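Working notes for the structure below.
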Amino acid sequence: MSIYRIAHLSDLHLPPQPGAFGLRDVFTKRLLSRIAWRKKRKVHRPEVLAALIADMKAASPDHVVISGDLTNFASPGEIAAARAWLEALGAAADHTVSPGNHDALAGPGGHERFAIWSPWLGDAGEASFPQVRVRGPVAIFNLCSAVPTAPHLATGRLGEDQLQRLDAALSDPAYAGLFRLVVLHHPPHPGAVSKRKRLEDQEALRAVLAKRGADLVLHGHAHEALVGSVPGPGGATIPVLGVPSASAKPSRHAPARWHQIEIEPRPEGGHAVRVVARGLSETGAEISELGRFTLADLARRAEAA
């Protein structure tokens, strides 16, 4: 049976365009982010992101998942520039975006702020979550943990309505037998990030996953390659995989990386899954393979952690 390949990248932090920060932003959280960007721009490099994207495209994945932080200040100009970047990347139907906290840094709350990205959020043609996309043998459950927060906080929240809809979607028999992939920006397991960066309702999300199950959870936000797990039904564990920033040069955080997740349906049922990590090494200047492992390896590593 054929292998379906999903590319996962995150935390792009596209360079702000001229006019992304204005006078009216001085009295918002965007001012703090603007100050922080003076240092971050030395780490998040457009040439690194371009090299990573070229490497990813050369691998010809079937679908691309981006788990948030396309922008830095969440200004309307940045959101529009990110859409233009996505349009250049390829067909929207082949790319799924889960917004990150920097994409909702300031301004009004609500998912409607991402309406301009609707074609990349799911197949519904609207800015709502969760959305479910079926691609090959995979059902992608796209969540949004991006909400405006107070200064010095980078927390996320899904909210009761989104969690209830996720519960119903994961229990839908239409997705039985498919590889169920859950995507969000913030990691769902405790200890992955500091308290000021955590997913506020992660316990509620884990309760849904423990009840309904999933095959893999992907996230970003930590700017590190993280391996974890959350409880699944009947004592099973669900692997959780985080990827570093796609634009980071070697620094105090992990350098740029993307993951190719190869999903192969088994004739007897279930799926064999292999993850190929590609990116910059701590000293390397070119994108190369950093390692590969199976989903079973990932589960064992998570249990041992």
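Only the coordinates and a few stated rules stand behind these numbers; no lab work does. None of the values given here were measured: they were computed from a predicted structure. Please note: Cβ atoms are built from the backbone with ideal geometry, for glycine as well, and neighbour counts cover all protein chains shown.
Its Cα centre serving as origin, region 213-305 has a Cβ charge dipole (Lys and Arg +1, Asp and Glu -1) of approximately 200 debye.
Annotation: peptides 274-286, 250-262, ranked by per-residue average of other Cβ atoms within 10 Å with the highest first, follow the order 250-262, 274-286.
Expressed to the nearest 5 percent, the antiparallel share of DSSP beta bridges inside the chain is 60 percent.
Distance between the 7 Å Cα→Cβ label points at Thr283 and Ala59: 2.4 nm. Principal-axis analysis of the Cα atoms of the chain puts helix 160-170 at an angle of about 30° to the longest axis. For the Cα atoms of the chain, what angle does the longest principal axis make with the long axis of helix 76-89, in degrees from 0 to 90, nearest 10? That helix lies at roughly 50 degrees to the long axis. The residue among Phe179, Ser251, Pro99 whose Cα reaches farthest toward the positive pole of the charge dipole of the chain, with charges on the beta-carbon of Lys, Arg, Asp and Glu, is Ser251. For the chain, adding -39500 (n - 2.57) for each run of n ≥ 4 DSSP H residues and dividing by the number of residues yields -7500 deg cm²/dmol at 222 nm. Taking the longest Cα principal axis of the chain as reference, the axis of helix 202-212 is set at about 30 degrees. Relative to the Cα centre, the charge distribution of the chain, modelled as +1 at Lys and Arg Cβ and -1 at Asp and Glu Cβ, gives a dipole magnitude of about 1060 debye. Of the residues Gly284, Pro61, Ala7, the one whose Cα sits farthest towards the positive end of the charge dipole of the chain is Gly284 (charges of +1 on Lys and Arg Cβ, -1 on Asp and Glu Cβ, taken about the Cα centre).
Distance cut-off 25 Å, Cα to Cα: go down the list Lys57/Lys211; Lys57/Lys249; Lys42/Lys197 and report the pairs above it. Write down the numbers at each step before the final one.
Values: Lys57/Lys211 37 Å; Lys57/Lys249 20 Å; Lys42/Lys197 22 Å.
Checking Cα-Cα distances, Lys57/Lys211 exceed 25 Å.
Straight-distance candidates among the aspartates and glutamates for linking to Lys195, with alpha-carbon spacing under 16 Å and chain neighbours fewer than 8 residues away dropped: Glu203.
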